[in-house]
């Protein structure tokens, strides 16, 4: 670099320089979020690789068995994969944000960020970036594992491939979005960062058991099906089954159809509820911090 | 690579608007029934290190967090760098630096990563590598934050506080839990920031910290400023009048005087024993700590009664010597020892 001649420098007020845009800062935040996420052992194991491990275990144990009724059945791995994709989306959006924001609030990360010129929007763009990238990569790995090891047919190889991918796209995006905003809202519930995992994980686990993720949904008692229908995971799993299972498998659903309209409605409802509650309850400081 | 040196001298101090860095009048804040801040007035000039001293719960942190824009006040006028922190926006936040009390955050990022990341938030940041050098963390640049010691962690906090090139830096009890050596190093860092033109507002409950760093200090008690001056003048001249103490027939006597030498001479003439010594003679100049304790109302309560109680025993224990923060030798009566 050449040394510039010492021209009379007019007052270099920092305010004369433009503040970085929220969009650019959102990208910076996403990078920092991803770095921190993949260095946190708990997050990598229980959020990112959990569905992969579960798919590997269950598909191996129940290899050669079918999931279905006397009338109609599909190979176990093919029925199990959509549930694992839905679970993955819930983990990378809801569980990831509910825990990480609770921890960040408790350990002072949020307060520190609030003391800088970082706009709040950029903080949330960073979270959105984290959720999208982790869930996309996680889902891609799930698909690769299912296709190569367990011979699950991929939607684009099936009849109506285009429509299946379109369904996949909206269920995935809507699932991520409602999971993320509910995660932001739920993050205010744990009283401390230490208790965050203990408060969030059981909610997620119970939903997995009643929503047709580990057990076939049609095999659950009807009261359990009814309870599960109030929450988004059941609908995400059902939406994903409509992507990965043959059309005839709709007969295995309690309603006898894929219910795309109801799926969209429930996910949008949770998105709205999560947004309203999250926006009202979000705090940059701990509860005991005045 | 271009290296922009940190701004130095008057050029840096002259940045932004003129007028005091902090101007507070009649600040009040209560939490329920508790009046945490009860009418505080403060004025911090540009380029100075200003300390807010006080015991825990005196309202220091509440005051500073109002100035930082974290809390809303109940009443009073507050101007920080010419703006009201309650309504100031991002541009204002880019001109202040905040070092909060406890910090355990961002544990998985390395020192270099987090300083570089925070630099991107600001319109005209310092060079992150230079900041890491300035706080003495070059060796630790690739270390994850969770592996830093308490003192290193605090220096990282300062790095994050100054990387945006703030005009005003808030330090909230920055050296709590430091060993003496780390504290000295930290003080040198703070002084170098002042030389770069940064105004610094510091809260502390360490008197030596205020004595070593601050140009001026305010002592806060129960939400009010009870004294405000240069650390070595706090409490006014009367508060530092030397005290002469001696034993008279087994009873402690004391006298505060502006001419201790003459007093001791007359004392020697009147009370010296057969060996020419005045029993138990000690001359003490109240340390900053004594002045401070008096200001926050601690002395009035307990140790004032100590000498007479010592006198009640038949064989008074010789007073213990202790070094006070400002280096004078203090005589601590038995009852006041920990």
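Could you give the distance between the Cα centres of segment B:31-98 and segment A:226-244, to the whole Å?
What the calculation gives is 51 Å, centre to centre.
On alpha carbon coordinates alone, what is the Rg over Rh value for segment B:232-272, Rh being the Kirkwood radius? It would help to have the intermediate numbers written out before the result.
Numbers: Rg = 12.3 Å, Rh = 11.4 Å.
My calculation of the ratio gives 1.08.
Provide B:34, A:111 in ascending order of the number of other Cβ atoms located within 10 Å of each residue's Cβ, fewest first.
Working: B:34 11, A:111 24.
Taking fewest neighbouring Cβ atoms as first place, the list is B:34, A:111.
Taking beta carbons within 10 Å but only from partner chains, what does the mean come to for residues B:109-116?
Values: counts 4, 2, 0, 0, 4, 3, 0, 2.
For this peptide, the per-residue mean of nearby foreign Cβ atoms is 2.
Please average, across the residues of A:114-122, the number of beta carbons from any other chain that are within 10 Å of each residue's own beta carbon, and give a whole number. Don't jump to the answer; show the numbers that get you there.
Working: counts 5, 13, 13, 12, 8, 4, 0, 0, 2.
Per residue, the average neighbour count from other chains is 6.
Over the Cα atoms, compute the radius of gyration (one decimal) and Dmax (the largest Cα-Cα distance, rounded to a whole number) for the protein assembly as shown, in Å.
Over the protein assembly as shown's Cα set, Rg and Dmax evaluate to 33.0, 119 Å.
Calculate the all-directions average of the projected area of chain A's alpha-carbon convex hull, and give it in nm². Walk me through the intermediate numbers first.
On the way: hull surface 82.1 nm².
In nm², the orientation-averaged hull projection of chain A is 20.5.
Pairing the Cα long axis of helix A:50-61 with the longest principal axis of chain A, what angle in degrees results, from 0 to 90 and rounded to the nearest 10?
Roughly 20 degrees between the two axes.
State, to one decimal in nm, how far the label point of residue B:34 lies from the label point of residue A:223, with both points 7 Å from Cα in the Cβ direction.
Output for this residue pair reads 4.7 nm.
Counting other beta carbons within 10 Å of each residue's own, what order do A:191, A:29 fall into, fewest first? The partial results should precede the final answer.
Numbers: A:191 14, A:29 26.
Listing A:191, A:29 from fewest to most nearby Cβ atoms yields A:191, A:29.
For B:145, A:201, B:61, B:198, what's the fewest-to-most ordering of other Cβ within 10 Å of each Cβ?
Going from sparsest to densest Cβ surroundings: A:201, B:145, B:61, B:198.
From the P(r) of segment A:154-287, can you give the percent of Cα pairs sitting at distances over 21 Å?
Details: 4224 of 8911 pairs.
The answer is 47 percent, as a whole percent.
Can you give me the Cα centroid spacing of segment B:111-177 and segment A:62-99 in angstrom?
Centre-to-centre (Cα) distance: 46 Å.
How far, in degrees from 0 to 90, does helix A:161-186 lean away from the longest principal axis of the Cα atoms of chain A, to the nearest 10?
60 degrees
How far, in degrees from 0 to 90, does helix A:120-149 lean away from the longest principal axis of the Cα atoms of chain A, to the nearest 10?
The angle comes out near 30 degrees.
Per the helix-only calculation at 222 nm, which mean residue ellipticity applies to chain A, given -39500 (n - 2.57) for every DSSP H run of n ≥ 4 and division by its residues, nearest 500 deg cm²/dmol? Show your work: numbers first, answer last.
On the way: 11 runs with 179 residues, N = 290.
Calculated mean residue ellipticity at 222 nm is -20500 deg cm²/dmol.
None of the figures in this text is laboratory data; all of them are computed from the coordinates on show. All values derive from a computational prediction rather than experimental measurement. Cβ atoms come from the backbone with ideal geometry, glycine included; neighbour counts cover every protein chain shown.
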